[in-house]
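Working notes for the structure below.
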Amino acid sequence: MSLRTSLLGIALTLVALSATAQGTEVGFGNPEHDSSAPVEVVADQLDVQRSEGKAKFTGNVVVTQGLMKLFGDVVDVEYAENAEGDTEIQWVHAVGNVTLLNGVEAAEGDDAVYTVESGLVVMTGDVLVTQGENTMAGEKLTVQLETGVGQMEGRVRVLFNPESEPETTE
C-alpha cells in the first residue's frame, strides 16, 4: 500500500467520522437543472380538486422535469395560474417509497416536497443518498437542484469507497 493510499484512507475516515455529526453538505443534482422546464406526471389514477388547485396522483407515480425524476406511491400537486393565465405547478409532495433521481445520483426516503419555482427538494424519513459507490444516510436532505448543493441532517452516516489505484506492471 502506498503512502498516498494510506493518507487518502485516513483522510476519508476523518471526513466520514466528522459527517456523523448533526449535518453535512452534500453535492447532489445537476447544476443545469431548469425549474422552468415542463413538469410531467404519470400515475395509475388522478383525482382533481380544480376549485382548490390541487391534484392527487396515486399508484406508480413518476414526476419528471428535465433529468430529474421523482417517484412515489402518492403525489399531491398544488397548481395555480401564472400572470399569463397558464397553469403552473407550485409544489409536488411525494409520499411512500419516494425516490429522487437526478442524473446518476439517487436519494430515497419516506417523504419529499419539491417546490418547483425555487428548485428546492426537502426529503425526510430515513434518507439514503447514493452517488456511485458512495452512500450517505440521515433523516433530512435539503437539495437546491439548480446549484447541486444540499445538506444532510440528523445523525449523518457516510460510507466512502475510494477508487482503487490502477494496477502497474513492473
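The values are calculated or read from the model by the stated rules, or taken from the named source; none is laboratory data. Quick caveat, the model's predicted, so the values are computed rather than measured. Every residue, glycine as well, gets a Cβ built from its backbone with ideal geometry; the counts of neighbours run over all protein chains shown. All accessible areas refer to the heavy atoms of the entire protein, side chains included, with ligands and DNA or RNA removed. Shrake-Rupley method; radii C 1.70, N 1.55, O 1.52, S 1.80 Å.
Assuming R0 = 25 Å, what is the FRET efficiency of residue 83 and residue 113, from their Cβ-Cβ distance, to the nearest 0.05? Step by step, r from the Cβ atoms, then E = 0.55. Accessible area per residue, 1.4 Å probe, Å², for the range 36-170: what's the number? Spelled out: the 1.4 Å probe surface of the range 36-170, per residue, equals 58 Å². Taking Cβ atoms as reference points and 12 Å as the exclusive limit, the residues near residue 91 contribute a net charge of -3, counting Lys and Arg as +1 and Asp and Glu as -1. Relative to the 2.2 N^0.38 Å rule of thumb, the range 44-92 has a C-alpha radius of gyration ratio of 1.20.
The peptide list 116-128, 135-147, put in order of mean Cβ contacts within 10 Å with the highest first, becomes 135-147, 116-128.
Here the label points at residue 60 and residue 46, each 7 Å from Cα along the C-beta direction, are separated by 1.6 nm in the simple model.
For the range 80-119, the fraction of 1.4 Å probe accessible surface lying on carbon and sulfur atoms is 48 percent.
Coupling constants for the range 143-153 follow from the phi torsions by the Karplus curve (6.51 cos²θ - 1.76 cosθ + 1.60, θ = phi - 60°), and in residue order they are 10, 9, 4, 6, 9, x, 10, x, 9, 9, 10 Hz; glycine and proline get x.
Taking other residues whose beta carbon is less than 12 angstrom from the beta carbon of residue 76, and scoring Lys, Arg as +1 and Asp, Glu as -1, yields -3.
Placing a pseudo-label 7 Å from each Cα along the Cα-to-Cβ vector at residue 104 and residue 128 gives an inter-label distance of 2.0 nm. According to the Kirkwood relation over distinct C-alpha pairs, the hydrodynamic radius of the range 67-160 is 13.7 Å. With the highest mean first, a sort of the peptides 151-160, 69-78, 43-52 on other beta-carbon atoms found within 10 angstrom per residue produces 69-78, 151-160, 43-52.
Rounded to the nearest whole Hz, the Karplus-based 3J(HN,Hα) values (6.51 cos²θ - 1.76 cosθ + 1.60, θ = phi - 60°) of the range 74-81 follow the sequence 9, 10, 9, 10, 10, 9, 7, 7, with x at glycine and proline.
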